[in-house]
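Single-structure report; data block below.
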Amino acid sequence: MNIFAIMLVKDEADIVASVLKDAETWADKIFVLDNGSTDGTWEIIQSLADDKIIPWKQYFGPYHNGLRADVYNEFKHLSKPGDWWCFKLDADEFYAENPRTFLEKQRKSTGLVAKKSLDYYLTEEDIHEYNFSGNFEQDKNHIKYLKSTCWSEPRFFKEKKNIKWVSEPNAHYPSNCGKLSNQTILVKHYQFRSPQQMQKRLDVRNATEMKKNGLAFRHVKEQKWQELLKKRADMVFDDGRLETYMNLPFRNTLSENWLKKLLRKIKSRFVLM
């Protein structure tokens, strides 16, 4: 069983090397598409190129989820039925569980696996206690507070003969992946890592043409990094125990989508009657 990973990245110079080196421990190939970084991210990725990390190309157009389909279709010839694709290796996520071990234990009928996101935030108290450098490797031991609820969405699909992934803005992954596993894999998500990084993140998302056109990042309302800070009293301390991660409640967005579709079908039948 091989595992292939797809990374789309833009301006993540402080963390991208850490994520790629970690992913190398479980992925056979990591294909990277840079979406127009200007902070040295692409140069860092190129410096890490080897038989596993493949810097494919830079793309300077607007972001859309179908870009991952472009990467998959470029390299799908390397995979065979039974292999797995980490179709969304985000540049700020680390797997708390080894994906290879996790995927090997999945049933043969499973075609799709979702993550359980352990979302880290900086707190007001963190800022007062520690002077964040903006270098993730230096700062990571001071990022210890989690959101009390988790986000869940698909991250892996299994290669099979009839998989088709069309490059369209809403094509997050192939539509015919098959059965979703009832198990979720734990992922540590560091979207907020330092005041410097948080402000840059806001600036990029508030300035993007996609936001101006109302197509993406509509959830971004903040202008200053201080608005993203949390209070420790509202968070969960990461004590490093698997039980702590497992006990955090989460939402499975794929299941919700199926439920919404079912409710719409039921409603339409009543209307027709």
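The values are calculated or read from the model by the stated rules, or taken from the named source; none is laboratory data. Here the structure is a predicted model, which means the values were calculated and not measured. Neighbour counts are summed over all protein chains in view; Cβ atoms, including those assigned to glycine, are modelled from backbone coordinates with ideal geometry. Side chains included, ligands, DNA and RNA excluded: accessible areas come from the protein's heavy atoms. Shrake-Rupley method; radii C 1.70, N 1.55, O 1.52, S 1.80 Å.
In the context of the full set of protein chains, residues of the chain present 53 Å² of accessible surface per residue (probe radius 1.4 Å, heavy atoms only). Per residue, the convex hull spanned by the Cα atoms of region 63-138 measures out at 164 cubic angstrom. In terms of the Cα gyration tensor, with a ≥ b ≥ c the square roots of its eigenvalues, is region 1-91 rounded because a/c is under 1.5, prolate because a/b exceeds b/c, or oblate? It is oblate, given that a/c is not under 1.5 and a/b is not larger than b/c.
Here the scattering of region 130-197 is modelled by Debye summation over its C-alpha atoms, one equal scatterer each and no solvent; at q = 0.18, 0.19 Å⁻¹ the log10 of I(q)/I(0) is -0.84, -0.87.
Model label points for GLU124 and THR38, set 7 angstrom from Cα along the Cα-to-Cβ axis, are 3.4 nm apart. The accessible-area ordering, largest first, of the residues MET235, MET7 stands as MET235, MET7, per a 1.4 angstrom probe. Report the residues of region 121-151 in range of a label on ALA96: point 7 Å along Cα→C-beta, backbone N strictly under 13 Å from it. Residues 121, 144-151 qualify, since their backbone N sits under 13 Å from the label point. Restriction of the chymotrypsin sites (Phe, Trp or Tyr not before Pro) in region 1-58 to DSSP coil positions whose beta-carbon has at most 13 other beta-carbons within 10 angstrom yields no sites. Sequentially through region 46-52, phi angles give Karplus couplings (6.51, -1.76, 1.60; θ = phi - 60°) of 4, 5, 9, 4, 7, 6, 9 Hz, Gly and Pro residues having no value and appearing as x.
In vacuum, with every alpha carbon of the chain counted as one equal point scatterer, what does the Debye formula give for log10 I(q)/I(0) at q = 0.07, 0.09, 0.14 Å⁻¹? Two decimals, please. The Cα Debye sum returns log10 ratios of -0.27, -0.45, -1.11.
Restricting attention to region 108-183, the count of lysine pairs at 8 or more positions apart or across chains with alpha carbons under 27 Å apart stands at 25. Multiplying the residue separation of GLN191 and HIS77 by 0.36 nm and subtracting their alpha-carbon distance yields 37.8 nm.
Projected label points at ARG107 and ASP22, each 7 Å from Cα along the beta carbon direction, are separated by 3.0 nanometres. Residue-normalised convex hull volume from the C-alpha trace of region 43-172: 170 Å³ per residue. Across the alpha-carbon set of region 2-47, the Rg to Rh ratio works out to 0.96, Rh being the Kirkwood radius.
Highest-first packing order for the peptide set 237-250, 108-121 is 108-121, 237-250, based on the mean count of other beta carbon atoms within 10 Å. Assuming R0 = 35 Å, what is the FRET efficiency of ASN176 and THR149, from their Cβ-Cβ distance, to the nearest 0.05? Computed FRET efficiency for ASN176 and THR149: 0.70.
Given a 1.4 angstrom probe, I'd like the percentage of the accessible area of the chain that is carbon and sulfur, rounded to a whole number. Ligands and nucleic acids excluded, carbon and sulfur give 51 percent.
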